[in-house]
Amino acid sequence: MALNKINVGKNLSTFPGHRIMLFTVLSLFIFLMFVMSGCTKSQLADGDGDTELDELIWYYPQNKANADLQLVNAEVNRLIADKIHTSVKLQPVDFASYEQKLNTLVAASDTMDIVWTSSWLFPWDTNARKGVFQPLDELLARYGQKLQASMSSRFWNDGKLDGKQLAVPNYQIAAMRPSLVIQKRFVDKYKLDLSAIRKIDDIEPFLKQVKEGEPGIVPFGTTRGFFTNHIYGIDWRVSVYQRDSTNRVLPDVTPEMRQNFAMVNAWYDKGYINQDAATLKNAADVYNKGNTAVWFDFTGKPGSEAEFKAGDGGFDVVLVPLAKPSFTGAVSSMNAISRTSKHPDKAMQLLELVNTDKQLYNTLVYGIEGKHYTRSGGNYVKLISDSGYFTNTDWVFGNIRNEYLPEGAPADKIEQTVRINEEAEVSPYYDFVFQTEDLKAELANVKAVNDEYYAALATGTVDPVKYLPVYEERLNKAGSERIRAEKQRQLDDWLKTKGKK
């Protein structure tokens, strides 16, 4: 190289003005090098052949650590590299730690690109108001047109705040259909007539049979209770009796709740309910050993039979709905783009791909074909046990309409899901938002009381005759009545603006 530079210098010196020309050539060379070094990785990857790609960071919850996560991550990156010229670092966090972990990252302003959020874990509305997420409207218009067209406004509206789109819903079951889940081997053995179960206490004779005939089996498993307004004719969105023309907001403790607490206490005393029900935090802990005959599922989504089978030791289950489905919206599972993202354009492109590319979506859900699962005919897959990758959470990643079906799922799982989503009854209070800024102290106090008493009462662990009056008195002192009255006032004002009162 030194010889070439000398020769170039000698050749240039034979021309008039060689010094100027030499300066010009060198200046141009330096300028070009400067421009090239200033290019971003994504610009180079988009067309200049550089193999170093931007890396996105995606946080989402998972049930357990997977030994083959890096193998799956590498396969995901192989699938997306040529399509959107980027890579992604998958960052699953166990459900129990997810909210604390994300709160820590947000407080430290750590770089994140895609963040899973919901109404029940790392709450999306609270974080959206804090500015944790970026507005997506322009990004969707530019990079997510196929994604935007994949769902109706009924879903997209749930990811909006103050008119701005701040989250991408994961298309899945968007309706609540509270159900009992029953192991099929016991249904068959005791010839249980499923059609005769119309309300939750109809299952009690079956629990008695299991208790007497199945040593080592828990007849009814629960964690922190299973009371839900929906199966007692109370609107799920606002605690008002369905079709009550007065729209009266009910107190925290209703006659239906009293009835439920008395029933579960009797079940607990008879040994039907697991003894650690009040202290278990993860619902899966109730059935994941396969030794529970019956448990309660708040959602009752189509295809959950296969998920429960995979999580309860491989035993088949049947689902018994206890109420008609109610539309609960898409806020139970969404993905947002963090305000700290350095590549929001790439993040949106990845979200579109995850929601529209069948191979990519199923890789995230099931892993690598041949290593973690095999195709078992039609649209079904067979999971390879102890393969090193298992999620059982298709609803975390994206649109379940793209998924292969696990063995045991009904062949029409997707069609059932779509039908229930479209036919589910929409609460008349669906758009009502309770403003709680002036009630922070009362809400915190009520939460403290619930943390102390509710689980024990709702699982039957303590006698409601003795402890329910204490619970109600403590709630009242904490400010529950003030909260109810303020909700009533806001609801009445909201109904007037809607012309409903």
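The values are calculated or read from the model by the stated rules, or taken from the named source; none is laboratory data. Predicted model, so just to flag it, every value in this text is computed and none were measured. Reconstructed Cβ throughout: ideal geometry from the backbone, glycine too, with neighbour counts over all protein chains shown.
Given the residues Ala323, Ala330, Ala277, which is the only one that is part of a loop (DSSP other than H, G, I, E, B), small (Gly, Ala, Ser) and touching a His at 6+ places or on another chain (Cβ under 7 Å)?
The conditions single out Ala323.
I need every pair where a residue in the range 255-278 that is in contact (Cβ under 8 Å) with a residue 12 or more places away in the chain and over 13 Å from Arg224 (Cα atoms) has its Cβ under 6 Å from the Cβ of a residue that is among the polar types (S, T, N, Q) and crowded, with 22+ Cβ neighbours inside 10 Å, sequence separation at least 6 or different chains.
As it stands, the answer is none, since no pair meets every condition given.
Could you tell me which of the residues Tyr98, Tyr59 is free of Cβ contacts under 8 Å to residues at least 60 places away in the same chain and closer than 15 Å to Thr340 by Cα?
Tyr59
Among the residues of the range 337-353, what is the count of those that are part of a helix (DSSP H, G or I) and in contact with a strand residue (DSSP E or B) (Cβ under 8 Å, 6 or more places away or on another chain)?
7
Could you check how many residues of the range 397-454 are in contact with a Phe, Trp or Tyr (Cβ under 6 Å, 6 or more places away or on another chain) and within 29 Å of Asp493 (Cα to Cα)?
So the answer is 3.
Please note which helices (runs of 4 or more DSSP H) are completely contained in the range 1-111 and include at least 2 residues that are at pLDDT 95 or above.
69-84, 95-107
With the requirement that a residue be within 16 Å of Trp58 (Cβ to Cβ) and part of a helix (DSSP H, G or I), what does the range 354-393 give you?
Once the filter is applied, which keeps residues that are within 16 Å of Trp58 (Cβ to Cβ) and part of a helix (DSSP H, G or I), the range 354-393 yields Val354, Asn355, Leu360, Tyr361, Thr363, Leu364, Val365.
Please find, among Lys184, Lys211, Lys199, the residue that is of a type in the set (Lys, Arg), touching a residue at least 12 places away in the same chain (Cβ under 8 Å) and crowded, with 18+ Cβ neighbours inside 10 Å.
Of the residues listed, the single one that is of a type in the set (Lys, Arg), touching a residue at least 12 places away in the same chain (Cβ under 8 Å) and crowded, with 18+ Cβ neighbours inside 10 Å is Lys211.
For Trp156, which of the numbered conditions (1) part of a loop (DSSP other than H, G, I, E, B); (2) more than 19 Å from Ala306 (Cβ to Cβ) fails to hold?
Answer for Trp156: the failing condition is (1).
Of all residues in the range 68-116, count the ones that are surrounded by 19 or more Cβ atoms within 10 Å (Cβ to Cβ), touching an Asp or Glu at 6+ places or on another chain (Cβ under 9 Å) and hydroxyl-bearing (Ser, Thr, Tyr).
Residues that pass the stated criteria total 2.
For Val381, are the conditions met, namely being in contact (Cβ under 8 Å) with a residue 24 or more places away in the chain, under 26 Å from Asp312 (Cβ atoms), more than 22 Å from the chain's Cα centre (by Cα) and crowded, with 16+ Cβ neighbours inside 10 Å?
Taking the combined requirement at face value, the residue satisfies it.
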